[in-house]
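Below: the structure, in structure tokens.
The values are calculated or read from the model by the stated rules, or taken from the named source; none is laboratory data. The model shown is predicted, which means the values in this text are computed figures rather than measured ones. Here the Cβ positions follow ideal geometry from the backbone for every residue, glycine too, while neighbour counts run over all protein chains shown. To get the accessible areas, we keep the full protein, side chains included, count just its heavy atoms, and leave off ligands, DNA and RNA. Shrake-Rupley method; radii C 1.70, N 1.55, O 1.52, S 1.80 Å.
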Amino acid sequence: MADRSTPPTLGTVMKGIRSRNGWTLKEMSAKSGIPVSTLSKVEHDRLTLSYDKLQQLSQRLSIRMSDLFAEDDGDSAPRVTGRRSIGTIDQAVRVTTDNYDYHYLCTDLRQKRMIPIITRIRAHSAREFGDLVRHQGEEFIFVLEGEVEIHTEFYDPVALKTGQGIYLDSSMGHAYVVAEGFEEALVLGVCSSADDGLMDSLMSLHG
């Protein structure tokens, strides 16, 4: 019997989806457009999928993107504590947008209350960034490299240097841009919410 304290990997979730639908690897490959060899490696936890492949999988199989990050087993009981995950850039799920390069860390842990993200910021002005973003929960941003300017709905812009951070309400419109004199900036962000669906909220921001 599987250890209930061990969080399911992407491979376990993929197997579960295939099993519930009664598909062979070949059938799942035909439906998703992802090679059999790739699916097999993912199911055996020898390979992970890039963001674009996860997006392709969710669209073609008509499942939510977050279902690949959080398996709903119908059990509302609190999860066993004591779990952990090592977050590295090479194992992160990468998402590239016009303004940012996101690296979602520790995606092997399901049903997290916090979403850790390493983000490389490229936008240089609020005008270049576009509309302020909003999503559920709260977040903390800590500058690792460079300098950033924080634009929010209710406050004047504030500049943060390397080694400084900001905590804010994510439902308030906000944007992070590179400060004048810098090409790019690197930040560690942690998004948190007591409600379900945080990953869905974040993924919807990427379009």
Determine the gain in length on full extension of the stretch Lys41-Phe142; use 0.36 nm per residue of separation and subtract their C-alpha separation, reporting nm with one decimal.
32.8 nm
Given points 7 Å out from each Cα along the Cα-Cβ axis, report the Val133 to Phe182 separation in nanometres with one decimal.
1.7
Among 9-21, 51-63, 115-127, what's the highest-first ranking by average C-beta atoms within 10 angstrom per residue?
115-127, 9-21, 51-63
Put a dot 7 Å past each Cα toward the Cβ at Ile63 and Val158; how far apart are the dots in nm?
4.1
I need the Kirkwood Rh of the chain: take the reciprocal of the average 1/r across all distinct C-alpha pairs and report it in angstrom.
18.5
For segment 84-135, the accessible surface attributable to carbon and sulfur atoms (probe 1.4 angstrom, ligands and nucleic acids excluded) amounts in percent to 47
On alpha-carbon atoms, Rg over Rh for segment 147-197 using Kirkwood Rh?
1.00
Which listed pairs, of Lys112/Lys161; Lys15/Lys53; Lys15/Lys41, have C-alpha distances above 19 Å, in listed order
Lys112/Lys161
Could you tell me the center-to-center distance, by alpha carbons, between segment 40-58 and segment 102-135 in angstrom?
21
